[in-house]
Amino acid sequence: MSASFPYCRSRDQDRQEPVHHPVVVVGAGPVGLCAAIDLAQRGVPVVLLDDGDCIGEGSRGICYAKRTLEILDRLGVAEACLEKGVTWKVGKVFFRDELLYGFDLLPEDGHKMPAFINLQQYYLERFLVQRAGELPNLEIRWGNRVAGLEPRNDGARLTVQTPDGGYAVDASWVVAADGARSTLRRLLNLPFVGEVFEERFLIADVKMVGDFPPERWFWFEPPFHGGHSALLHKQPDDVWRIDLQLGADADPIAEQAPERVIPRLRQMLGKDDFSLEWVSVYRFQCRRLERFVHGRVVFVGDAAHQVSPFGARGANSGIQDAENLAWKLALVLNGAAPDSLIETYEIERSAAADENIGHSTRSTDFIAPRSAQELRFRDAVLSLAREAPFAKRMVNSGRLSLPSTYESPLSTADRDTWGGTARLGAPLPDAPLVDGHGSATWLLDAIGGDEVLLCTEADGVEPEMPGLKRIIIGRDLIDRNGHFARRFDASPGAAYLVRPDQHLAARWRTPGTASLTAAGRRMHGIWT
Amino acid sequence: MAELETEGRLPDPDAAYRSLIEAHRGLSDEDSAALNTRLVLILANHIGDAQVLAAAIALVKKALSQHAVRQT
């Protein structure tokens, strides 16, 4: 399912002097594409450079979480992803041949997006490339490889190699989305430090008409795979993702040979009629850059941090990086916020990366114990899980990606007491609402990518903030079944200040003009 | 949050010690290790306080390192 994108000569290559662009994004994977689209939607002209000329090498990242889908919805591609993807929310964990427990990742209704979809990365990339093509201020340059980077105080100069020669381009800001083997990271000579895991895993995409349900199935010590773990996921087009733990001593080349892979899969699937679409043997690392912001060069996604695949925290956190950075860059470039706002990308996404690396490392410790005693602890938890609920909670087959709640200088601390599920610094919980024409809509659709003051009706004395979109629940949008009221613990006259990435920046039961103004400035990184 | 309690809390410490010995009597080292591992998990959950657990681990590490010093 690959698609190719030919190199085209750009006008910049015919100029004597390097052309200046507000933002150059490097790397057209899901994270770079999301960053570029988000910036372009916010009115920032973007050049996106990619050294390749095609997408579609293996299915790679396949699990996209609810928060990521909400972001993709704002970027205009969630509908295509949902239509093509396999929606799921139930996971099951087996120990040997016995079901240990099942979990439901989205047990409540009233959310537009599901808990998860599985979708081959090449489909997501293709939808994003299509969407990028609709934006006149976004230019993708395929076959453009960055070979040099010269940092400056007010930007950076990139040297770019193409099939017909090199050229230079200037940018006020460079977004480095060039993946785990980031060229920009190497050009800046930045160490990428963390933990390497010795354990090898086999990843295989298998085409078959299967009778497994669309659920995430994880086995510890399955009878079909002597002592190691296994994971099964359904993808579109009758493709199944299988992950098999091989151990630390496995030979990565020999293990990929079909004569080795097929018998393993036959044992697991209990059938013969399948074909291999893609096989790879990997070992993984959990590591990160010490800092993500280096002057005017900002690292996002795998270029900034790498996690194990357990928990689907790679692509999901990368797309959340992109969204966090895009609105801040747009405000800074428009002069609506100081440069220092970008430092809050560092604060917020650095903490998110640590959280993701922490979860991913702990999952790996559980799945691949490194000593006899670690294995003993793991087996003790698994065997106690049948008897004792506490042990079930310790079973860790991957803690699935959830958005981070930012402890951020952009947030204004709560003065009132709040219940519900909305959290200061977290993305707003979605809620089904009804608009003025009586049509069903969603809270997050109404918010979009704007800064919003969300108010509950208070007899016409709802507060206002100059230049800010205001939505009054109870007048503009009706909370017919009370989801909003419950999730936001809403009282009449309450107000909620929402960031352009739909995270909650401040809230008040009885808002006053001075505190609204201060919170609005704070949200832009102005605290004096 | 509680502190790690190192003063005696068991009314009959000899009986408690004895019940640990009895649980292990006749077991192979491997079976003993399996028993202890499960016991640690159950008791850690019963304590229900990560800081107390950390303090207990620190006490063990300190005691072990002092023991090692005395051996050399």
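The table below gives the values:
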read-out: Verdict on A:L400 being more than 14 Å from every other protein chain (Cβ to nearest Cβ), of a type in the set (A, V, I, L, M, F, W, C), within 27 Å of A:A248 (Cα to Cα) and not in a helix (DSSP H, G or I); value: yes
read-out: Wholly within segment A:412-528, helices (runs of 4 or more DSSP H) carrying at least 3 residues that are assigned by TED's automatic domain parsing to the domain that holds A:P338 and of a type in the set (F, W, Y); value: none
read-out: Any hit, segment A:182-202, residues being of a type in the set (K, R), in a loop (DSSP other than H, G, I, E, B), closer than 30 Å to A:A368 by Cα and in the same structural domain as A:S317 (by TED's automatic domain parsing); value: no
read-out: Among residues of segment B:1-39, those that are part of a loop (DSSP other than H, G, I, E, B), within 13 Å of the chain's Cα centre (by Cα) and within 14 Å of chain A (Cβ to nearest Cβ), counted; value: 0
read-out: Residue that is surrounded by 19 or more Cβ atoms within 10 Å (Cβ to Cβ), out of contact with any strand residue (DSSP E or B) (no Cβ under 9 Å at 6 or more places or on another chain) and either assigned by TED's automatic domain parsing to the domain that holds A:I37 or of a type in the set (V, I, T) (or both), where the choices are A:L128, A:L124; value: A:L128
read-out: Residue within segment A:110-119 that is surrounded by 19 or more Cβ atoms within 10 Å (Cβ to Cβ), in a helix (DSSP H, G or I), under 18 Å from the mean Cα position of the chain (by Cα) and assigned by TED's automatic domain parsing to the domain that holds A:G311 present; value: no
read-out: Scope segment A:75-125; condition charged (D, E, K, R) and touching an Asp or Glu at 6+ places or on another chain (Cβ under 8 Å); matching residues; value: A:E79, A:K89, A:K92, A:R96, A:K112
read-out: Candidate set: segment B:40-72, residues that are among the small types (G, A, S) and within 14 Å of chain A (Cβ to nearest Cβ); chosen: the one nearest to the chain's Cα centre (by Cα); value: B:A44
read-out: Of all residues in segment A:312-348 being surrounded by 24 or more Cβ atoms within 10 Å (Cβ to Cβ) and of a type in the set (A, V, I, L, M), the one that is nearest to A:L69 (Cα to Cα); value: A:I319
read-out: Residue in segment A:200-215 that is among the aromatic types (F, W, Y) and farther than 24 Å from A:N118 by Cα present; value: no
read-out: Yes/no for A:A315 being modelled with pLDDT under 95, assigned by TED's automatic domain parsing to the domain that holds A:L72, part of a helix (DSSP H, G or I) and among the small types (G, A, S); value: yes
read-out: Sole exception among (1) at pLDDT 95 or above; (2) surrounded by 17 or more Cβ atoms within 10 Å (Cβ to Cβ); (3) of a type in the set (D, E, K, R) for A:R415, by number; value: (2)
read-out: Failed item, numbered, when A:C81 is tested on (1) more than 18 Å from the chain's Cα centre (by Cα); (2) part of a helix (DSSP H, G or I); value: (1)
read-out: Condition met for A:Q13 (surrounded by fewer than 19 Cβ atoms within 10 Å (Cβ to Cβ), within 30 Å of A:Q161 (Cα to Cα) and either touching a residue at least 60 places away in the same chain (Cβ under 8 Å) or among the hydrophobic types (A, V, I, L, M, F, W, C) (or both)); value: yes
read-out: Close pairs (9 angstrom Cβ cut-off, 6 or more residues apart or separate chains): in a helix (DSSP H, G or I) in segment A:333-353, of a type in the set (D, E) and surrounded by 18 or more Cβ atoms within 10 Å (Cβ to Cβ) anywhere; value: A:Y345/A:D321; A:R349/A:D321; A:A352/A:D321; A:A353/A:D321
read-out: Residue within segment A:152-162 that is of a type in the set (K, R), over 19 Å from A:P6 (Cα atoms) and touching a residue at least 40 places away in the same chain (Cβ under 8 Å) present; value: yes
read-out: Of residues in segment A:403-442 being touching a helix residue (DSSP H, G or I) at 6+ places or on another chain (Cβ under 7 Å) and either hydroxyl-bearing (S, T, Y) or free of Cβ contacts under 8 Å to residues at least 12 places away in the same chain (or both), the one farthest from the other protein chains (Cβ to nearest Cβ); value: A:T412
read-out: Index of the failed condition, A:A40 passing every other in (1) crowded, with 20+ Cβ neighbours inside 10 Å; (2) of a type in the set (G, A, S); (3) closer than 28 Å to A:I367 by Cβ; value: (3)
read-out: Residue ID - surrounded by the fewest Cβ atoms within 10 Å (Cβ to Cβ), chosen from residues in segment A:367-395 that are facing another protein chain (nearest Cβ under 10 Å) and assigned to a loop (DSSP other than H, G, I, E, B); value: A:E387
read-out: Residue within segment A:219-230 that is assigned to a strand (DSSP E or B), touching a residue at least 40 places away in the same chain (Cβ under 8 Å) and over 28 Å from A:V332 (Cα atoms) present; value: yes
read-out: Residue match in segment B:42-54 (condition: surrounded by 12 or more Cβ atoms within 10 Å (Cβ to Cβ) and either assigned to a loop (DSSP other than H, G, I, E, B) or at pLDDT below 95 (or both)); value: yes
read-out: Segment A:293-339: number of residues that are within 18 Å of A:E451 (Cβ to Cβ) and either hydroxyl-bearing (S, T, Y) or within 11 Å of the chain's Cα centre (by Cα) (or both); value: 2
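Every residue, every condition in (1) closer than 27 Å to A:L402 by Cα; (2) hydrophobic (A, V, I, L, M, F, W, C); (3) assigned by TED's automatic domain parsing to the domain that holds A:V239; (4) part of a helix (DSSP H, G or I), yes or no:
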| residue | (1), (2), (3), (4) |
| --- | --- |
| A:D38 | yes, no, no, yes |
| A:V44 | no, yes, no, no |
| A:R60 | yes, no, no, no |
| A:R67 | yes, no, no, yes |
| A:E70 | yes, no, no, yes |
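The values are calculated or read from the model by the stated rules, or taken from the named source; none is laboratory data. Treat the numbers as computed from the prediction; the structure is a model and nothing was measured. Neighbour counts are summed over all protein chains in view; Cβ atoms, including those assigned to glycine, are modelled from backbone coordinates with ideal geometry.
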